[in-house]
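I have placed the structure first, in the form of structure tokens, so that the comments after it can refer back to it.
The values are calculated or read from the model by the stated rules, or taken from the named source; none is laboratory data. Computed from a predicted model, the values in this text were never measured in an experiment. Counting neighbours? That spans all protein chains shown, and the Cβs are built from the backbone with ideal geometry, glycine included. We work out accessible area using only protein heavy atoms, side chains counted, and drop any ligands, DNA or RNA first. Shrake-Rupley method; radii C 1.70, N 1.55, O 1.52, S 1.80 Å.
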Amino acid sequence: MIKASELKAEHAAFRETVPAGEYFLKVVKAGETVRILDLEGNQAADTLFYSAADPGERYSAMDTIREQGNVYLTAGSVLMSNLCRPMLEVVADTCGRHDTLGGACAAESNTVRYALDTRCMHSCRDSWLLAVAENEAFGMSKRDITHNINFFMNVPITPEGGLSFADGISGPGKYVEMIAYMDTLVLISNCPQLNNPCSGFNPTPLEVAVWER
Ligand SMILES: [Zn+2]
């Protein structure tokens, strides 16, 4: 579902460009709105959400998919935690579909999907592991890196029930915007993947913006 936002960029309390291959980590407070903007198009924002009060409570694909009865995310989707509490709601979306199932790129999946010699290429999992290692104050570790949302990524389910990684459906300037229902730690890997058509084989920057309530 395509739904544009009323919020103006010049009124944002925070704006940051996230280069391809970098991570983004920030607490978004309850009532604030966060926007992820695909600056150049066809980029994947591999994203994890945690309760800032207790990172043991985190975004849960299972609870989210079950509660909304749909594997894709768009405007109106409520992102549920593993305690089945609403964390954020997608309030605007100009892309129209975001993936919950494809997972993040990692050394292991690179070798399975592409070739053995892609094993050492930079992956989203590497970026998340670096983020938790460089930000000890949040008390997170490798065990907190769990299943994620791929904003802007197109992973259609085939009639046989398989997954196919298709060409991106996002474009320059498309965005997804969420209001937080709890103080939420947002951890994004701006995907460095060079082997996937989802990012057009050319990873590009994202922008993250936050509006206060
Ligand atoms: Zn990735």
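Numbers below:
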{"read-out": "Whether the chain is rounded, prolate or oblate, judged on the alpha carbon gyration tensor where a/c under 1.5 counts as rounded", "value": "rounded"}
{"read-out": "Global form of the stretch 115-213, assessed from the alpha-carbon gyration tensor, a/c cut-off 1.5", "value": "oblate"}
{"read-out": "Amide H contacts under 5 Å for ALA92, placed H, 5+ residues apart", "value": "GLU177"}
{"read-out": "Gap separating the Cα centres of the stretch 147-213 and the stretch 1-61, nearest whole Å", "value": "10"}
{"read-out": "Burial order of peptide ranges 201-209, 179-187 (average beta-carbon count within 10 Å, highest first)", "value": "179-187, 201-209"}
{"read-out": "Candidate aspartates and glutamates for bridging to LYS174, where Cα separation is under 12 Å - those fewer than 8 sequence places away on the same chain excluded", "value": "ASP38, GLU40, ASP93, GLU207"}
{"read-out": "Rounded accessible area per residue of the stretch 109-190, 1.4 Å, Å²", "value": "49"}
{"read-out": "Rounded percent of accessible protein surface that carbon and sulfur make up, the chain, 1.4 Å probe", "value": "52"}
{"read-out": "Whether the stretch 64-173 is rounded, prolate or oblate, judged on the alpha carbon gyration tensor where a/c under 1.5 counts as rounded", "value": "oblate"}
{"read-out": "Cα-derived Rg to Rh of the stretch 95-160, Kirkwood definition", "value": "1.04"}
{"read-out": "Whole-Hz couplings from phi, Karplus 6.51/-1.76/1.60, listed for the stretch 181-196; x for Gly and Pro", "value": "9, 9, 5, 10, 7, 9, 10, 10, 9, 6, 3, x, 5, 9, 10, 10"}
